[in-house]
Amino acid sequence: MELTGRLSRRVQQIKISATKEMPMIAAKVGGCVSLGQGVPSFATPPHVAEAVARALRDDPAAGKYSLQPGTPALRRAVADLLREEKGLPADPEREVAITVGAMEALLCAMLTLIGPGDEVVVPEPFYPSHVEQILMAEGTPVFAPLRREDWSLDPDAVEAAITPRTKAIIVSSPHNPTGAVFAKKDLRRVGELALEHDLFVICDDTYDALAYDGPDPEGAYSLASEPELRDRLIGVFSFSKRFALTGWRVGYVWAREDLLGHMLKIHDAAAICAPSVSQIAALASLTGPQDVYAGFKKELRERRNFICARLSAMPGMRYVRPTGAFYVMARPDAPGVADSRELAVRLINEARVVTIPGGAFGPGGEGHVRLSFGGSEAEIATACDRMAAWARTL
């Protein structure tokens, strides 16, 4: 049977991300150290593991489906967090749902809002899954370049990308892949544009707790904190990065009641509910000791400082110091290398270091590789030793 002509258009126009491809190439090479995928190195905290183990021992419901929008206790805890940190008066019964990671929440948002002919404005460099999900919904991503000198959000570029077909703007700060924390004034101007043009705002706050410094004293500002946007806002949040629960696959979403009701139809068709054991882990993360998470952030800030010092010591290496998340876009002086994918593949084959080609994040990332400093300092040190030795051979 000939397959290509029988596949849907949506699956033919999306692709596996370079974040997944590079580790697959490295696995065939062997002996590589990774600065690739964004995974914090921290183990699940003991109090979280114990809460899950206790529930599996004592609660017969722990291994069964939860309510479709999530357990009531977790939704209440999430609503409390949103009120405390964002000033967002979230109704846990009507405006909050627990999802299979932030990724599923984003997909529910796209499939609910976007259809053929609709456009979504995406700051660029972009998180590749944002673009792939827009394409999966049969929409069109329209790129708004960040300011190249510091990767800051450019509201003028966002405004220039808006057309009569624009349906939504997606914003994420701290930003993947650049590590930038966008200025409040720039975010607020984007919010004003959404109001002026009657657009939805999809606010991806996956890294909201991981701002180390930045353009504003209060750290990472979120459009989820803007009261004027609440009728048109979808706020997406994650337990993966802040609470080191990447493998547990649990996130949450806020939207006004009628909009969330439509998103839950997608959620029901795709997943039924987030895993119950993961929701137990998430609740323990929110309600248990919080000092461990402050320790995570402190350690990541120190790793940021460490990798920046190492990159600064490499001749020909250029980068913008990240102020949040755990990524840095690095641009090595590599004569004769055709593009960022060749650069990343050569780093795997010749230096045994996994990075992600910057071109995978859009035209502005070309010539760069994205480095993650989510790994341990020992892993970062080994990778930087190998990259420095490789650079000397060019």
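Report every pair of residues separated by at least 6 positions or lying on different chains whose Cβ atoms are under 6 Å apart, first residue within region 297-308 and assigned by TED's automatic domain parsing to the domain that holds residue 376, second among the β-branched types (Val, Ile, Thr).
307/380
Take residue 115 and tell me if it is loosely packed, with under 13 Cβ neighbours inside 10 Å, among the small types (Gly, Ala, Ser) and either modelled with pLDDT of 95 or more or closer than 30 Å to residue 161 by Cα (or both).
Yes; evaluated as a whole, the condition is true for this residue.
Can you give me the number of residues within region 173-186 that are surrounded by fewer than 24 Cβ atoms within 10 Å (Cβ to Cβ) and touching a strand residue (DSSP E or B) at 6+ places or on another chain (Cβ under 9 Å)?
Selection size over region 173-186: 2.
What is the number of the single condition among (1) farther than 29 Å from residue 222 by Cα; (2) assigned by TED's automatic domain parsing to the domain that holds residue 180 that residue 109 does not meet?
With (1) farther than 29 Å from residue 222 by Cα; (2) assigned by TED's automatic domain parsing to the domain that holds residue 180 applied to residue 109, the lone miss is (1).
Out of all the residues in region 282-316, which are in a helix (DSSP H, G or I) and polar (S, T, N, Q)?
Correct list: 285, 287, 305, 312.
Restricting attention to region 145-170, which residues are of a type outside the set (A, V, I, L, M, F, W, C) and not in a loop (DSSP other than H, G, I, E, B)?
Scanning region 145-170 gives 145, 147, 152, 155, 156, 159, 166, 167.
Given the conditions (1) crowded, with 21+ Cβ neighbours inside 10 Å; (2) within 16 Å of residue 238 (Cα to Cα); (3) assigned by TED's automatic domain parsing to the domain that holds residue 275, and given that residue 40 satisfies all but one, which numbered condition is not satisfied?
(3)
Tell me, which residue of region 1-30 that is within 16 Å of residue 361 (Cβ to Cβ) and not acidic (Asp, Glu) is surrounded by the most Cβ atoms within 10 Å (Cβ to Cβ)?
Filtering first and then ranking leaves 22.
When only residues in region 78-103 that are of a type in the set (Val, Ile, Thr) and in a strand (DSSP E or B) count, which is nearest to the chain's Cα centre (by Cα)?
Checked region 78-103; the qualifying residue nearest to the chain's Cα centre (by Cα) is 99.
Only residues that are of a type in the set (Gly, Ala, Ser) and in a helix (DSSP H, G or I): list them for region 234-279, please.
Those that are of a type in the set (Gly, Ala, Ser) and in a helix (DSSP H, G or I): 247, 261, 269, 270, 276, 278.
Inside region 276-287, can you point out the residues that are buried (at least 18 other Cβ atoms within 10 Å of the Cβ) and not aliphatic (A, V, I, L, M)?
276, 278, 279, 285 - these are the residues of region 276-287 that are buried (at least 18 other Cβ atoms within 10 Å of the Cβ) and not aliphatic (A, V, I, L, M).
I'm told residue 20 meets every condition in (1) assigned to a helix (DSSP H, G or I); (2) of a type outside the set (Gly, Ala, Ser); (3) over 20 Å from residue 177 (Cα atoms) except one. Can you identify the failing condition by its number?
The single condition residue 20 does not satisfy is (3).
When the residues of region 121-144 are filtered to those that are in contact with a helix residue (DSSP H, G or I) (Cβ under 8 Å, 6 or more places away or on another chain) and assigned to a helix (DSSP H, G or I), which remaining residue is surrounded by the most Cβ atoms within 10 Å (Cβ to Cβ)?
134
Quick test of your reading of the structure: residue 220 fulfils all but one of (1) at pLDDT below 95; (2) over 29 Å from residue 73 (Cβ atoms). Name the failing condition by number.
Going through (1) at pLDDT below 95; (2) over 29 Å from residue 73 (Cβ atoms) one by one, residue 220 breaks only (2).
Quickly run through region 12-26 and pick out the residues that are without any contact (Cβ under 8 Å) to a residue 24 or more places away in the chain and farther than 20 Å from residue 247 by Cα.
Within region 12-26, just 12 meets the criteria.
Here are some residues: 75, 54. Which one is among the basic types (Lys, Arg), part of a helix (DSSP H, G or I), under 29 Å from residue 133 (Cα atoms) and at pLDDT 95 or above?
Of 75, 54, the one residue that is among the basic types (Lys, Arg), part of a helix (DSSP H, G or I), under 29 Å from residue 133 (Cα atoms) and at pLDDT 95 or above is 75.
Out of the residues in region 43-72 that are closer than 14 Å to residue 274 by Cα and hydrophobic (A, V, I, L, M, F, W, C), state the one that is surrounded by the fewest Cβ atoms within 10 Å (Cβ to Cβ).
61
Among the residues of region 324-353 satisfying the criterion of being charged (D, E, K, R) and part of a loop (DSSP other than H, G, I, E, B), which is surrounded by the most Cβ atoms within 10 Å (Cβ to Cβ)?
Of the residues in region 324-353, the ones charged (D, E, K, R) are 331, 333, 339, 341-342, 346, 350, 352.
Checking the rest, the ones that are also part of a loop (DSSP other than H, G, I, E, B) come to 333, 339, 352.
Numbers: 333: 13, 339: 12, 352: 19.
Only one residue fits best here, namely 352.
Please tell me if residue 158 is surrounded by fewer than 21 Cβ atoms within 10 Å (Cβ to Cβ), touching a helix residue (DSSP H, G or I) at 6+ places or on another chain (Cβ under 6 Å) and either within 19 Å of residue 215 (Cα to Cα) or at pLDDT 95 or above (or both). Steps first, please.
Working: surrounded by fewer than 21 Cβ atoms within 10 Å (Cβ to Cβ): no; touching a helix residue (DSSP H, G or I) at 6+ places or on another chain (Cβ under 6 Å): yes; either within 19 Å of residue 215 (Cα to Cα) or at pLDDT 95 or above (or both): yes.
The answer is no for residue 158.
The values are calculated or read from the model by the stated rules, or taken from the named source; none is laboratory data. Everything numeric here is computed off the predicted structure, so don't read it as measured data. When we count neighbours, we look across all protein chains shown, and the Cβ atoms used for this are built from the backbone with ideal geometry, even at glycine.
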